[in-house]
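Beneath this line is the structure, given in structure tokens, with notes to follow.
The values are calculated or read from the model by the stated rules, or taken from the named source; none is laboratory data. The model shown is predicted, which means the values in this text are computed figures rather than measured ones. Counting neighbours? That spans all protein chains shown, and the Cβs are built from the backbone with ideal geometry, glycine included.
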Amino acid sequence: MNPLKLAGKIVLGLAALGLWASCEKAAPDPFGAGMVASYLADGRVNGGRVVGATPAPDRLGHDQAAYSFNGRDNCITFAAVPLTQVDNWTLTAWLNPANLHQDAMAVCLGKDDGQTGDGFALGFSAAHYDSPGDHLYGVLGGVAWLDSGYVFPAPNTWYQVVMLRRDGTVRFYVNGSPATNNADAGPGVPNGPGPVIQPTGGVPERYRNLVNGNPVDNVNMTRTPLEPTAFTLGSATGIRFFNGSINAVRIYNRALSDDEVQALYQYEKPQP
């Protein structure tokens, strides 16, 4: 048979089975440079162990393409740690919180059991950390809590959240825009070389004496994280369980630029 005719028959057959469109969707990711892992895109767990979490619609309305977590005991754990470097990295995820009163980690690239920790994580806490609230927070396990300055305005809404460390400084973004506590966000930003937050009640006892014997009272974006030794989605290590849905987690071995963060948001966001 003529090879062209044979190829045409194959294409028609694939189209009839609904497979040709899925082949076309497998085009290279335009934001794949430096991406070492991705999770919960199109429902893919990619080697994780699902503990109670259930498939849910994603930010685009695709059924069973994200995962929902109950805020009590649901998580997805991983035997392998996808990234171990402590500088020039990026975490991105789409989060849909079921409520805005959470002390929870959604993406935890590291260990954090409330006593000891390492790595880095992003999630929710209150203005003075370690209590339920509506602030976007980061944690450098065993080192520091970081208040991004962003307050989530509404539950049951999808947000693209980015936490990265670029040349020794952590930065946060929501829906492509820098959070207010980024070191270069402009005049009046409370961090820079000084502290981001100064809790009036001091730091919880379990976070004292974890960094060179010093309490973690004044937190700033230039603290150096410890090398990650674990990886969990939907919680920290057996604590701080997230209540809501997670979709399209990306981990990069480089720090995205501001322009790349904005472009990734435009690429991933629901289109009208």
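Restricting attention to region 168-183 and to residues that are part of a loop (DSSP other than H, G, I, E, B) and either modelled with pLDDT of 95 or more or hydrophobic (A, V, I, L, M, F, W, C) (or both), the residue that is nearest to PHE69 (Cα to Cα) turns out to be ASN175. Considering the conditions (1) closer than 19 Å to LEU146 by Cα; (2) surrounded by 15 or more Cβ atoms within 10 Å (Cβ to Cβ); (3) modelled with pLDDT of 95 or more, LEU210 is excluded by exactly one of them, (3). Filtering ASP118, ASP103, ASP112, ASP87 for residues that are touching a residue at least 40 places away in the same chain (Cβ under 8 Å), closer than 18 Å to VAL249 by Cβ and touching an Asp or Glu at 6+ places or on another chain (Cβ under 9 Å) leaves a single hit, ASP112. For region 70-77, indicate whether the set of residues that are within 23 Å of ARG171 (Cα to Cα) and touching a Leu at 6+ places or on another chain (Cβ under 8 Å) is non-empty. Within region 70-77, none of the residues are within 23 Å of ARG171 (Cα to Cα) and touching a Leu at 6+ places or on another chain (Cβ under 8 Å). Whenever a residue of region 159-179 is more than 15 Å from GLY138 (Cα to Cα) and among the aromatic types (Phe, Trp, Tyr), it has no partner that is buried (at least 22 other Cβ atoms within 10 Å of the Cβ) and modelled with pLDDT under 95 lying with C-beta atoms less than 7 angstrom away and at least six residues away or across chains. Of a type in the set (A, V, I, L, M), surrounded by fewer than 24 Cβ atoms within 10 Å (Cβ to Cβ) and within 26 Å of GLN85 (Cα to Cα), is that true of VAL162? No: the conditions fail for VAL162. When each of PHE120, PHE124 is tested for being closer than 19 Å to ASN70 by Cα and buried (at least 24 other Cβ atoms within 10 Å of the Cβ), the lone residue that passes is PHE124.
Selection of region 112-166 for residues being within 25 Å of GLN266 (Cα to Cα) and not in a strand (DSSP E or B) yields ASP134, PHE152, PRO153, ALA154, PRO155, ASN156, THR157, TRP158. Of the residues making up region 32-69, those that are acidic (Asp, Glu) and either within 23 Å of PHE172 (Cβ to Cβ) or modelled with pLDDT of 95 or more (or both) are ASP58, ASP63.
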